[in-house]
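Quick notes on the structure that follows.
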Amino acid sequence: MADALKQRQAFQFYGRRKGRPLRKGRQFLFDELLPRLTIPLGAPGTLDPAALFEPRKRAVWLEIGFGGGEHLAHQAEEHPGIGFLGCEVFEAGIASCLSHIAERHLDNVRIHPEDARLLLTALQPRSLDRVFLLFPDPWPKRRTAKRRFVNRDNLDRLAELIEPGGELRIASDDPTYIEWTLQQVPVHPAFQWVAQSPVDWQDRPTDSIETRYEKKARDAERVPHFFRFRRL
């Protein structure tokens with residue numbers, strides 16, 4: 001408990017956590033199901049995510065900022081042999097994800113309802129096979145650029161956590177964030193951009209689905225970009 005408190009104090013979080021009150025059914029899931037799925041954090045670098053599942057999963061994938069949870073639930077349903085970790089702080093998004101989990105009877109999802117950096121700090125090295133960062137808050141103004149999740153510190157940590165040959169997937173419709181991502185990730189020594197042609201970043205990966213944020217972007221005539229980086 002003391003370690004977790006110190007970690008929370010070490011990170012300054014920006015963003016919204018609560019919106020309108022949850023509907024009765026979702027509040028029930030938030031109160032009853034979430035505690036059973038919440039990932040227990042221990043000392044830094046000690047959490048073996050595969051051990052969170054029974055039976056132990058052959059691989060673990062992480063989604064940072066899962067929004068309403070539709071992508072996380074889709075991946076978990078399509079890959080029952082893989083364990084999924086999801087990070088989200090917005091209460092309504094967590095409740096939406098819990099609804100997907102309950103409706104589909106998914107037993108291979110665990111949730112971290114806090115700042116993703118706390119979970120990244122707790123995980124063992126080379127314990128993840130794939131990481132998704134889909135339509136993160138772009139923090140488009142120059143004065144808020146330091147709040148963007150894609151930065152050297154976070155990339156360094158992801159490089160420690162992702163198995164060689166694993167993937168980091170990033171999607172965005174914000175021109176500033178797209179440019180920022182291409183300035184940050186391909187030059188990192190641990191990651192290689194796997195695109196071979198424009199189709200590789202113009203089209204959503206075939207094993208993925210359209211999220212509400214992608215639909216919102218397309219409705220507003222913004223062009224989503226999809227980047228895949230391999231851990232060298």
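Before moving on, here are some points about what is shown:
- Within the stretch 189-202, restricting attention to residues that are surrounded by fewer than 13 Cβ atoms within 10 Å (Cβ to Cβ) and without any contact (Cβ under 8 Å) to a residue 40 or more places away in the chain, the residue that is nearest to HIS79 (Cα to Cα) is VAL194.
- Here PHE90 passes the criteria (1) modelled with pLDDT of 95 or more; (2) closer than 25 Å to ASN151 by Cβ except the one numbered (1).
- For the stretch 127-138, taking the residues that are over 20 Å from ASP207 (Cα atoms) and in contact (Cβ under 8 Å) with a residue 60 or more places away in the chain, the one that is surrounded by the most Cβ atoms within 10 Å (Cβ to Cβ) is identified as SER127.
- Residue in the stretch 147-168 that is among the β-branched types (Val, Ile, Thr) and at pLDDT below 95 present: no
- Evaluation of LEU98 against the conditions (1) within 14 Å of ASP31 (Cα to Cα); (2) within 12 Å of the chain's Cα centre (by Cα) shows that the sole unmet condition is (2).
- Of the strands (runs of 3 or more DSSP E) entirely within the stretch 101-185, those holding at least 3 residues that are farther than 19 Å from ALA76 by Cβ occupy 162-172.
- Here ILE162 meets each of (1) under 14 Å from PRO138 (Cβ atoms); (2) crowded, with 18+ Cβ neighbours inside 10 Å with one exception, condition (1).
- For the stretch 27-44, the criterion of being over 21 Å from GLY93 (Cβ atoms), out of contact with any Cys (no Cβ under 9 Å at 6 or more places or on another chain) and modelled with pLDDT under 95 is satisfied by at least one residue.
- Qualifying residue in the stretch 54-74 (condition: buried (at least 17 other Cβ atoms within 10 Å of the Cβ), farther than 21 Å from ARG204 by Cα and acidic (Asp, Glu)): no
The values are calculated or read from the model by the stated rules, or taken from the named source; none is laboratory data. Since the structure is predicted, the reported quantities are computational estimates derived from the model, not experimental observations. Backbone-built Cβ (ideal geometry, glycine too); neighbour counts: all protein chains shown.
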